[in-house]
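No lab work stands behind these numbers, since they all come straight from the coordinates. Every value quoted in this text rests on a predicted model; they were computed, and no experiment measured them. Because the Cβ atoms are built from the backbone with ideal geometry, glycine has one as well, and the counts that use them run over all protein chains shown.
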Ligand code: SF4
C-alpha cells in the first residue's frame, strides 16, 4: 500500500476527514439513490494555503460513494473530487470557473518546500483546458480516471432528475431543483452572459489573484493597453480607452444581478482590463466605491476584501503619491501588478516592448518605495523567462532582483512568465530557481489564466 492508498484508507474508513472535524456539517440528507446531500456548508471566507483540498465560502455538497460534488449558492457545479483510489490524489480536484472552464488542480509530482509551493506559491498547479504558458504540461483530459468525474457528474444529474419527486426535506428538494436548472447548456450561457456584461472575456488575470483562488468579480473600467507589445499573446487590438460612468454603473448593476446570492462567496474585485491604473486615481476610486456599495464587500465580510488590477510602466511612473494615498484609504487590500518583462534594452527591443531599460529600473525602485510606504497596497511585477531570451536578460534581471531592498512583510512578489514560444517544459525550472536564489524579493511562476 503506497502513501496515497493509506491516505484514502484513513479518510474513508475511519471518518477522520480533517474537513469534517474543522468545518462541521449542516443538514445532511441521506438519499435512496446512493448519495447524500448537504444543503449548506460553511467554510472560512479566507482561503487557507494548505496541501489538502481547497475549501472556502458557503456551498452545497452531494456525495456518492466515489465522488464529492460541490455547488455554489446558485446551484452551479463548482468542484468535483474523486473519493476512491482510482482518483489521482485525494487533494486534487476539478474546478469550474465562472468562465465555464474546467481546471484540474494537481498537486504535481514534487511536493515539499522545494517543489510546487516554491514554484507557484501554492500547493496545487492549475492545469488548464486551453493553451497557456505552463512550465510543465499536465494533460488531464487524457487521464480516464479524471475524465470519469465528468461521467459521474452526468450520472448524478440524471439521478437528481429522478430524485426530485421523492419525499424529502424541502431544503434538499430546493437544492436539487436549483442544480437541475443549471445544466451544461445553462452554465455555458451564463459564462457568455458574464462576458457580455463586462464587454469582453478577461484574457488574463493578475497573478496575485491566486490568493483568492482566482475567484474575483470582474469590472472593466478601461479597454486596450498603452503599448501593444509584439510578444504579448493576451492583448486586444483596441487603443487604450477609459469606460464611461454609464458603462461602469451598468456593469455593476448587471453583475449584482448575475451573481445573486452567490455574491457572498466573493471577497475580491478585479478592475480590468490590461492597465486599469492608466484610468487614473479618480476613476479607480469612484468605480471601487460604487462596486463596494453594490456588492457590499467591505461591510459584510469578516475579512478585508481584496482589489486587483494591472499597471504598465508608464501608468505607474506617472501615478502620484496622492493616488497611492487615496488607494491606501480604500477599505480594500490592493494588489497592483506591473508588466516589466525585462530590464535589458536588447531584450525589450527583441520582444517589441516600447519602454526603455532605465524607465524599467526607475519603476522597479518606485515599486519598492510604495510597498514600504503603504500598508494597504502591494505592488508586484512580471518578468519574462524563456530559452529564446538572451543571457543579458537574465543578468540584468538577477542584478535588479539581487539589489532590491528587503521587502516589508514579504511584499512585492516577482512573477516570471514563460514566453509563449519557449518550450513548454520543465527545462525552465533550473533557470527559475537560479533567479529565485539571487532575488531578495519573493519569486514565483506566472501561469496565464483567463476568466
Ligand atoms: S504586455 Fe501588457 S502592455 Fe504589452 S501588449 Fe500585452 S497587455 Fe498590452
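Which shape class applies to the chain: rounded if a/c is under 1.5, otherwise prolate when a/b exceeds b/c and oblate if not, where a ≥ b ≥ c are the square roots of the Cα gyration tensor eigenvalues? Could you put the intermediate results ahead of the total?
Details: a/c = 2.00, a/b = 1.46, b/c = 1.37.
Prolate, because a/c is 1.5 or more and a/b exceeds b/c.
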- Message: Show me, bin by bin at 10 Å from 0, the whole-percent P(r) of the stretch 304-410 based on Cα pairs.
- Response: 14, 46, 29, 11, 1
- Query: What angle do you read, to the nearest 10 degrees and between 0 and 90, between the alpha-carbon axis of helix 144-163 and the longest principal axis of the chain?
  - Reply: 50
- Query: Residue separation times 0.36 nm, minus the C-alpha to C-alpha distance between residue 233 and residue 409: what's the value?
  - Reply: 60.1 nm
- Considering only the chain, percent of DSSP beta bridges that pair antiparallel, nearest 5: 50
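Taking a ≥ b ≥ c as the square roots of the Cα gyration tensor eigenvalues, with a/c under 1.5 meaning rounded and otherwise prolate when a/b beats b/c, else oblate, which class fits the stretch 378-451? Walk me through the numbers on the way to the answer.
Details: a/c = 2.14, a/b = 1.31, b/c = 1.63.
Note, shape of the stretch 378-451 comes out oblate.
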- Determine the distance separating the Cα centre of the stretch 152-189 from the Cα centre of the stretch 305-378; give it in Å without decimals. 47
- Note on the structure: From fewest to most C-beta neighbours within 10 Å, the residues 307, 389 line up as 389, 307
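Averaging the inverse of every distinct alpha carbon separation and then flipping it gives the Kirkwood radius. What is it for the stretch 199-445, in angstrom units?
Numbers: mean 1/r = 0.0538 Å⁻¹.
Mean inverse Cα-Cα distance, inverted, gives 18.6 Å.
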- What ranking of 103, 242, 288 emerges when the number of other C-beta atoms within 10 Å of each C-beta is taken as an exposure proxy, fewest first? 242, 103, 288
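Most exposed first by the Cβ proxy, i.e. fewest other Cβ within 10 Å, how do 214, 446, 157 rank? Could you put the intermediate results ahead of the total?
Numbers: 214 21, 446 25, 157 16.
Ascending number of Cβ neighbours within 10 Å: 157, 214, 446.
Please work out how much length the chain gains when fully extended from residue 429 to residue 51, using 0.36 nm per residue of separation minus the C-alpha to C-alpha distance, in nm with one decimal. Let's see the in-between values first.
Numbers: separation 378, 0.36 × 378 = 136.08 nm, distance 2.14 nm.
Additional length available on full extension: 133.9 nm.
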- Could you state the angle between the C-alpha long axis of helix 184-198 and the longest principal axis of the C-alpha atoms of the chain, as a value from 0 to 90 degrees rounded to the nearest 10? 30
- Item | Computed [θ] at 222 nm, helices only, for the chain once each DSSP H run of length n ≥ 4 contributes -39500 (n - 2.57) | -10500 deg cm²/dmol
- Item | Mean Cβ count within 10 Å, highest first, over the residues of peptides 183-190, 116-123 | 116-123, 183-190
- Mind checking the angle between helix 3-13 and the chain's longest principal axis? C-alpha axes, 0 to 90 degrees, to the nearest 10. 40
- Message: Distance between the C-alpha centers of the stretch 221-247 and the stretch 115-142? Whole Å please.
- Response: 27
- Point-to-point label distance, residue 166-residue 440, nm (Cα→Cβ direction, 7 Å offset): 6.4
